[in-house]
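Enquirer: Mind looking over this structure? Questions follow.
The values are calculated or read from the model by the stated rules, or taken from the named source; none is laboratory data. Only a predicted model underlies this, so the values are computations on that prediction, with no experimental measurement involved. Here the Cβ positions follow ideal geometry from the backbone for every residue, glycine too, while neighbour counts run over all protein chains shown.
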Amino acid sequence: MTDTTAPAVTEIARPSRLREFWYYFRENRGAVIGLYVFLAFFLVTVFAPLLAPYDPTEQFRDHALQPPAWQEGGSWAFPLGTDPLGRDMLSRLIEGARFSFFVGMVVVAVAATGGILIGMISGFAPKWLDTVIMRIMDIILAFPSLLLALVLVAILGPTLINALIAIAIVQQPHYVRLTRASVMTERQKDYVTSAKIAGAGLFHLMFVTVLPNCLAPIIVQGALSFSSAILDVAALGFLGMGAQPPTPEWGTMLAEAREFILRAWWVVTFPGLAILVTVLAINLMGDGLRDALDPKLKRS
């Protein structure tokens, strides 16, 4: 008698993309630490008005250059001390986090949107137009980024918004080249050929078929651009070409306090540490994103 009972087939459920991403991301402990620091940074920006003990521009002239609370002469009324005008350092650092987060978000959004659009056009354009676009990007990349940003801010005027525009323009060629390279690779694959045969239009082919498969390196570039934007706007603020006093931006705080570096170490140390920790955390997180999103780096 023939046994007609089919053997049971055990189907191995494939993990979700999010779970797979977290599996590879958490293998990089530095990236996990960077993520936690970034989340703390984000929460500080959201709840800054509640966390800051004073208005960041309020001046306590009787307490100018008061040291931190744990140092002789300090007071817990000003835990991190005060600046040369008697403003609370802790309040200004917390408010400065909001400006830095705003800077990173705006620069990445503007640079990525323009860069992806131009990169997609370049990847699908005729050869002559592709050559023109890429040579323009090469010219922009030939200039030192900070120097080019300084020139643009000098033309537009020294304000925080103009600094954001300048930094976004400087960073845009990186997105253009990265997007174009990804598009040129994806265009050769079978699924794009199938979409063409199925009658997909150019717009659908560019932004629905190809673009989603190009996002992994762009996301990593976005994380790294976020930290670069914070550094660049701090540099412009330090040079007097970014946010203007009394705006509590970290680079501007360093510029205002540089003449007191020997008398009051805290007025330059704390803004510098804030920039260092934030940028380092975002860079570590970017490394983790690269490891988790790049198939070539995933270990079986």
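Enquirer: Of all residues being in contact (Cβ under 8 Å) with a residue 40 or more places away in the chain and of a type in the set (Val, Ile, Thr) in segment 31-55, which is farthest from residue 249 (Cα to Cα)? Just the residue, please.
Expert: Checking each candidate, the answer is 32.
Enquirer: Moving to a separate point now. Considering only segment 223-245, I want to know if a residue exists there that is over 25 Å from residue 97 (Cβ atoms) and not small (Gly, Ala, Ser).
Expert: For segment 223-245, residues over 25 Å from residue 97 (Cβ atoms) and not small (Gly, Ala, Ser): absent.
Enquirer: For segment 21-53, what are the residues that are aromatic (Phe, Trp, Tyr) and buried (at least 17 other Cβ atoms within 10 Å of the Cβ)?
Expert: Hits for segment 21-53 are 24, 25, 38, 41.
Enquirer: Residues that are of a type in the set (Asp, Glu), assigned to a helix (DSSP H, G or I), buried (at least 16 other Cβ atoms within 10 Å of the Cβ) and touching a residue at least 60 places away in the same chain (Cβ under 8 Å): does segment 121-143 have at least one?
Expert: Scanning segment 121-143 turns up no residue that is of a type in the set (Asp, Glu), assigned to a helix (DSSP H, G or I), buried (at least 16 other Cβ atoms within 10 Å of the Cβ) and touching a residue at least 60 places away in the same chain (Cβ under 8 Å).
Enquirer: Can we say residue 36 is closer than 18 Å to residue 273 by Cα and modelled with pLDDT of 80 or more?
Expert: Answer is yes for this residue.
Enquirer: Go through segment 90-120 and report how many residues are surrounded by fewer than 24 Cβ atoms within 10 Å (Cβ to Cβ), over 25 Å from residue 275 (Cβ atoms) and either modelled with pLDDT under 90 or small (Gly, Ala, Ser) (or both).
Expert: Qualifying residue count for the region: 1.
Enquirer: If we keep just the residues of segment 188-208 that are surrounded by fewer than 14 Cβ atoms within 10 Å (Cβ to Cβ) and touching a residue at least 60 places away in the same chain (Cβ under 8 Å), which is nearest to residue 113 (Cα to Cα)?
Expert: The qualifying residue nearest to residue 113 (Cα to Cα) is 207.
Enquirer: A follow-up question, please. So which of 158, 217, 212, 173 is under 24 Å from the mean Cα position of the chain (by Cα) and not in a helix (DSSP H, G or I)?
Expert: After ruling out the rest, the residue left standing is 158.
Enquirer: Conditions: (1) surrounded by fewer than 22 Cβ atoms within 10 Å (Cβ to Cβ); (2) touching a residue at least 60 places away in the same chain (Cβ under 8 Å); (3) not acidic (Asp, Glu). Residue 289 meets all but one. Number of the miss?
Expert: Failing condition for residue 289: (1).
Enquirer: In the set 177, 263, 258, which member is touching a residue at least 24 places away in the same chain (Cβ under 8 Å) and surrounded by fewer than 17 Cβ atoms within 10 Å (Cβ to Cβ)?
Expert: 263
Enquirer: Something else: When you look at residue 278, is it part of a helix (DSSP H, G or I), of a type in the set (S, T, N, Q), under 23 Å from the mean Cα position of the chain (by Cα) and farther than 30 Å from residue 216 by Cα, yes or no?
Expert: When the stated conditions are applied, residue 278 does not pass them.
Enquirer: List the pairs whose first member sits in segment 209-232 and is hydroxyl-bearing (Ser, Thr, Tyr), whose second member is surrounded by 21 or more Cβ atoms within 10 Å (Cβ to Cβ), and whose Cβ atoms are under 6 Å apart, counting only residues at least 6 apart or on separate chains?
Expert: Note: pairs meeting the criteria are 225/108; 225/171; 227/282.
Enquirer: Kindly provide the set of residues from segment 14-64 that are closer than 23 Å to residue 223 by Cβ, in a loop (DSSP other than H, G, I, E, B) and of a type in the set (Ser, Thr, Tyr), ordered by number.
Expert: Answer for segment 14-64, where residues must be closer than 23 Å to residue 223 by Cβ, in a loop (DSSP other than H, G, I, E, B) and of a type in the set (Ser, Thr, Tyr): just 16.
Enquirer: Is it the case that some residue within segment 77-89 is part of a helix (DSSP H, G or I) and at pLDDT 90 or above?
Expert: Checking segment 77-89: at least one residue is part of a helix (DSSP H, G or I) and at pLDDT 90 or above.
Enquirer: On the basis of being farther than 20 Å from residue 273 by Cα, surrounded by fewer than 18 Cβ atoms within 10 Å (Cβ to Cβ), touching a residue at least 24 places away in the same chain (Cβ under 8 Å) and of a type outside the set (S, T, N, Q), does residue 58 make the cut?
Expert: Yes, satisfied.
Enquirer: Condition (residue is surrounded by fewer than 20 Cβ atoms within 10 Å (Cβ to Cβ) and either of a type in the set (D, E, K, R) or touching a Phe, Trp or Tyr at 6+ places or on another chain (Cβ under 6 Å) (or both)) applied to segment 222-243: is it met by at least one residue?
Expert: Checked segment 222-243: no residue is surrounded by fewer than 20 Cβ atoms within 10 Å (Cβ to Cβ) and either of a type in the set (D, E, K, R) or touching a Phe, Trp or Tyr at 6+ places or on another chain (Cβ under 6 Å) (or both).
Enquirer: Shifting gears a bit: Give me a count of the residues in segment 220-250 that are of a type in the set (D, E, K, R) and in a helix (DSSP H, G or I).
Expert: 1
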